[in-house]
Amino acid sequence: MEVKNDVKSTFEVSVLDSGFKVLRIKNDTQQPIKEEYPVNQDFIQFHFCLKGQMNFIFNQGSYSFPVNEDHSMLLFNPQKALPIAVELAPNAWLVSVLISISKFHSLFSADADHISFLSPENSAKKYYDNLPFSSSIAVVLSQILHAKVHDSMKSLYFKGKVYELLSLYFNKSEDPSLEQCPFLVDEENVRKIRKAKDIILERMSDPPSLENLAAEIGLSLKKLKEGFKQLYGDTVYAYLLDQKMEEARRMLNSQKFNVNEVGLKLGYSTASHFIAAFKKKYGTTPKKYLGSVSL
């Protein structure tokens with residue numbers, strides 16, 4: 001394991017296997033920092049920004065690529081080495097996974113048709129992706145970044161977590177197809193559904209009823225339910241609950257709020273209701289989760 005450490009920032013590289021590494025970088029200072037790490041063209045790079053913002057720099061500074069909080073970037077160029085050079089804004093956290101193409105193929109060969117850049121016609125082409133990631137991925141990243149395990153167990157622990165991370169990353173549901181859903185072809189309806197989403201997020205602690213929400217955006221209750229499900233893949237309240245739990249995770253990660261305060265801010269009348277919802281979503285209680293992210 002390679003470790004660079006000071007009081008407010010850390011940079012750790014853990015080798016999990018031949019051609020398989022995980023990098024954990026935290027900048028808890030009030031100043032931006034820059035980190036570099038050599039990577040050759042045999043590696044696929046996954047970069048996950050768990051907190052803050054960062055900027056990846058390529059070709060000796062000739063161009064850069066920003067990655068925002070709760071977003072990931074995938075890089076692969078078999079024709080050219082892409083060494084890591086990243087500027088982390090103050091209070092930014094990054095988890096990166098580097099895996100050789102041969103190692104990656106060995107993990108996913110049976111499902112290669114599910115992963116676009118592994119297809120035969122793309123195997124020699126460069127590839128990149130920049131997308132937001134789910135709250136499930138965020139939990140695994142937090143566990144990787146804040147792992148408190150004995151050094152002798154770190155490689156095994158990280159390997160299991162990175163496998164989990166990759167499985168979640170590639171288990172993406174298909175985007176809704178406008179061609180398959182005539183309702184969503186209507187741009188005005190799409191605009192109204194998106195307005196509904198904004199409303200429930202803005203009033204997360206005290207959301208309107210479905211009937212009032214439908215009236216506010218100017219759609220029938222039936223069209224609101226159908227359209228929201230098609231556009232966001234879930235019911236209105238299931239989506240809201242997911243976003244509430246994501247906000248709870250962020251508040252706990254900030255370490256500025258205790259469990260009761262988070263529950264109250266999110267509109268839960270009792271701590272027990274909040275604890276039950278959090279445990280159902282993440283499989284652990286808010287208190288235990290807070291303990292796992294405390295330094």
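The numbers here are math on the coordinates, done by the rules we state, and not lab data. In this text the structure is predicted, and so the values were computed from the model without any measurement. Positions of Cβ are generated from backbone atoms using ideal geometry, with glycine treated the same way; all protein chains shown enter the neighbour counts.
Annotations
- By the count of other C-beta atoms within 10 Å, a proxy for reagent exposure, HIS273, HIS47 are ordered fewest to most as HIS273, HIS47.
- Residue exposure proxy: MET204, MET251, ordered by other Cβ atoms within 10 angstrom of their Cβ from fewest to most, comes out as MET204, MET251.
- Modelled spin-label separation between HIS273 and HIS105, with each label point placed 7 Å from Cα along the Cα-to-Cβ direction: 5.5 nm.
- Gain in span if fully extended, ASP198 to PHE58, counting 0.36 nm per residue against the direct Cα distance: 46.8 nm
- Spin-label pair SER220-LYS159: with each label point 7 Å from Cα along the Cα-Cβ axis, the two points sit 5.8 nm from one another.
- With a Förster radius of 22 Å applied to the beta-carbon distance between GLN41 and VAL13, the computed FRET efficiency rounds to 0.70.
- Formal net charge of residues neighbouring VAL236 (Cβ-Cβ distance under 10 Å; K, R +1; D, E -1): +2
- Residues ASN171 and LEU264, FRET efficiency given R0 of 30 Å [Cβ-Cβ distance, rounded to 0.05]: 0.30
- Computed from backbone phi with θ = phi - 60° and the Karplus coefficients 6.51, -1.76 and 1.60, the 3J(HN,Hα) list for the stretch 20-26 is 8, 9, 10, 10, 10, 10, 10 Hz; x is used for glycine and proline.
- For the residue pairs LYS51/LYS223; LYS51/LYS159; LYS225/LYS287; LYS161/LYS192; LYS34/LYS279, alpha carbon separations beyond 32 Å are given by LYS51/LYS223; LYS225/LYS287; LYS161/LYS192; LYS34/LYS279.
- Between LYS256 and TYR237, the contour length at 0.36 nm per residue exceeds the Cα-Cα span by 4.1 nm.
- Amide proton proximity set for ILE44, modelled H, under 5 Å, gap of 5+: ILE99, SER100, ILE101
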